[in-house]
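Derivation of every value follows stated rules applied to the coordinates shown; laboratory data play no part. Keep in mind that what you see is a predicted model, and the values were worked out from it rather than measured. Cβ atoms come from the backbone with ideal geometry, glycine included; neighbour counts cover every protein chain shown.
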């Protein structure tokens, strides 16, 4: 039988913070999204207080005061480094891995004997080596593995590892009957309410639903989900993530922005970041889109949003050329008299650098110069910390940048932010 | 000519020359005759001229080894290795000074007498770990610091084992 495991890190962002701030252990902790907006990670203590995911922080201030909830700004540099460590360790436990998100990974464990014990040993290794607690769900399809992980996390008697394949089918069905249909991977909020109208409330009821009817009502995707719930693996592990076709970098401002020079700085900063990503996947972009918008939630203020796609003269990954195009677009769409809340850039028509179309008018010398300048820039910023060398237009003091009031140190990627032991 | 270029040992290009893998494909072929960029064309020529002597393989070629890497030497398990900074002089007797850089491996088992990063009441501390009849003891390497016997009710754990100390001379 196929054995697919889904490994999910528990309260991943909070766990990363606790690794380097052990005094947060046992305390109610949340990590907030960019600009300290909403809750994106909750410790068990906070979940026990009934705090839901994605709740705006300002709504929690009273509860936080009463229970001493500690709120941290998100430190994605740290989380990405810890995630990479977890994923590399996990890859040693199976020949086939799909990294599904920053804190989730599928592993193919078909053919491994005594899987529960194997998974427990793997769990222990991850905890010891990187200090991150994980839960493991094992089943014969990815959709079931996701549910097995849900059970491993919620039901203490499984001790963080739940193997559906080790259960008898009445035993498994009894378990699936207790889980709401909305927990199934790929069943969104809208489908959930439509399924409920059809009388399908539990996972078991969806599993037993006639495939034809599901297909007629919801399409092939959900029909496939039903097959997966019946133990038929329809979704394979994608071992290599294809290079991204679009790269987006956009953020809300920490403070409202009205002036063009501030927007220009922000756009340059976002292009810089997007171009770094583009170069790290050895690609070129053929076009760049820039957009700005006001805050749609502030209805009293005049609203404006506009985007512009700018084709590039030739595909490039040179920050300077991309910035030049983006700024040209920004100046055309900018209107004074609005309070802007967000800007962003998107790189499009992405091709591998090796597939650059050659033309008679290519200035190869300039292309080489650009490539070596950019790789030098990337090397310096990698070694000395990001932003060591930047375009001056990005500005030195960024008065538009994100609010990150309570961000921890970048313990694993910056020399002067290491943890200290006395 | 091309064969001569490829026999150059990797990473041994003379100063001022372009490493062969950076040479655009067009420059090798017919197109290079009409190549619009004079400067680049001359550089390519220089490269080709310079490459000819290397047609006779260097007798040292077989002995080219990789660079030695301090990272590889200090870090046996990259996934579980973390760096930490020392504050204070409680470990100076073991050659660990204020401001030093510790290479900490979380994957290693602890043993009697090894230097560890411990978490004691929520704070990191670097000390020598001793297993005694009374229980686990954290010992500083400094006469002014007394041993700390870990009490069962205390919030205590071992965070990692210190493998190396990097001290600036």
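Report the rotationally averaged projected area of the stretch A:115-259 based on its alpha-carbon convex hull, in square nanometres. Please report the intermediate quantities before stating the final value.
Numbers: hull surface 55.7 nm².
With the hull built on Cα positions only, its mean projection is 13.9 nm².
Taking every Cα-Cα distance in the protein assembly as shown and sorting them into 20 Å bins starting at zero, the pair-distance distribution P(r) comes out as 15, 40, 36, 8, 0 percent. Here residue A:248 and residue B:111 are evaluated by their C-beta separation; at R0 = 51 Å the FRET efficiency comes out at 0.55.
Full extension from residue A:380 to residue A:413: what is 0.36 nm times the residue separation minus their Cα-Cα distance, to one decimal in nm? Numbers along the way, then the final one.
Numbers: separation 33, 0.36 × 33 = 11.88 nm, distance 1.39 nm.
So the chain would gain 10.5 nm between residue A:380 and residue A:413.
Out of all DSSP beta bridges with both ends in the stretch A:4-166, state the antiparallel percent to the nearest 5. Around 75 percent of the beta bridges assigned by DSSP in the stretch A:4-166 are antiparallel ones. The alpha carbon centroids of the stretch A:81-102 and the stretch A:296-370 are separated by 34 Å. Bridge orientation summary for the stretch A:1-85: considering DSSP beta bridges with both residues in this region, about 50 percent are antiparallel. Of A:222, A:176, A:49, the sequence from fewest to most neighbouring Cβ atoms within 10 angstrom is A:49, A:222, A:176.
For a footprinting-style exposure proxy, rank A:18, A:85, A:382, A:251 by other Cβ within 10 Å, fewest first. Could the numbers behind the result be given before it?
Values: A:18 20, A:85 23, A:382 13, A:251 17.
So the ranking, lowest neighbour count to highest, is A:382, A:251, A:18, A:85.
Quickly estimate the mean residue ellipticity at 222 nm for the protein assembly as shown, helices only: each DSSP H run with n ≥ 4 gives -39500 (n - 2.57), and the total goes over all residues, rounded to 500. Taking each H run of at least 4 residues, the total per residue is -9500 deg cm²/dmol.
Taking chain A as a Gaussian network of alpha-carbon nodes connected by springs under 10 Å, the highest mean-square fluctuation of the residues A:386, A:408, A:336 belongs to A:336. For peptide B:76-89, the mean count of partner chain Cβ atoms within 10 Å of a residue's Cβ comes to 5. Taking springs between alpha-carbon atoms closer than 10 angstrom, which of A:342, A:65, A:27 fluctuates most in the Gaussian network model of chain A? Top of the fluctuation ranking is A:65. Just so you know, the Cα atoms of the stretch A:60-188 work out to an Rg and Dmax of 16.7, 52 Å.
Taking every residue in A:66-73 and counting other chain Cβ atoms within 10 Å of its Cβ, the average works out to 0. Note on chain A: with a GNM built from Cα contacts shorter than 10 Å, the maximum mean-square fluctuation among A:363, A:163, A:108 falls on A:363. Take each residue of peptide B:119-126, count the partner chain Cβ atoms within 10 Å of its Cβ, and average: the result is 4. The distance separating the Cα centre of the stretch A:1-73 from that of the stretch B:135-164 comes to 30 Å.
Given chain A, what percent of its DSSP beta bridges are antiparallel, to the nearest 5? Could the numbers behind the result be given before it?
Details: 45 of 52 bridges.
Here the share of antiparallel DSSP bridges comes out near 85 percent.
Compute log10 of I(q)/I(0) for the stretch A:169-229 with the Debye formula, placing one identical point scatterer on every Cα and leaving out solvent, at q = 0.27 Å⁻¹, to two decimals. At q = 0.27 Å⁻¹ the computed log10 ratios are -1.22.
Each label point was placed 7 Å from the Cα along the Cα-to-Cβ direction; for residue A:358 and residue B:97 their separation is 5.9 nm.
So if R0 is 60 Å, what FRET efficiency would residue A:112 and residue A:309 give, r being the distance between their Cβ atoms, rounded to the nearest 0.05? Present the calculation step by step, with values, prior to reporting the outcome.
Working: r = 49 Å, r/R0 = 0.82.
That pair, residue A:112 with residue A:309, gives E of 0.75.
In terms of other Cβ atoms within 10 Å, A:417, B:134 run from fewest to most in the order B:134, A:417. Simple spin-label estimate for residue A:194 and residue A:389 gives 5.4 nm between the two label positions (7 Å along the Cα-to-Cβ direction from each Cα).
Compute the length gained on full extension between residue A:220 and residue A:174: take 0.36 nm times their separation in residues and subtract their Cα-Cα distance, giving the result in nm to one decimal. Mind showing how you got there, number by number?
Values: separation 46, 0.36 × 46 = 16.56 nm, distance 2.65 nm.
Gain in length upon complete extension: 13.9 nm.
Approximating the spin labels as points 7 Å out from Cα along Cα→Cβ, the residue B:67-to-residue A:101 distance works out to 4.0 nm. Relative to the longest principal axis of the Cα atoms of chain A, the long axis of helix A:142-154 lies at roughly 80 degrees.
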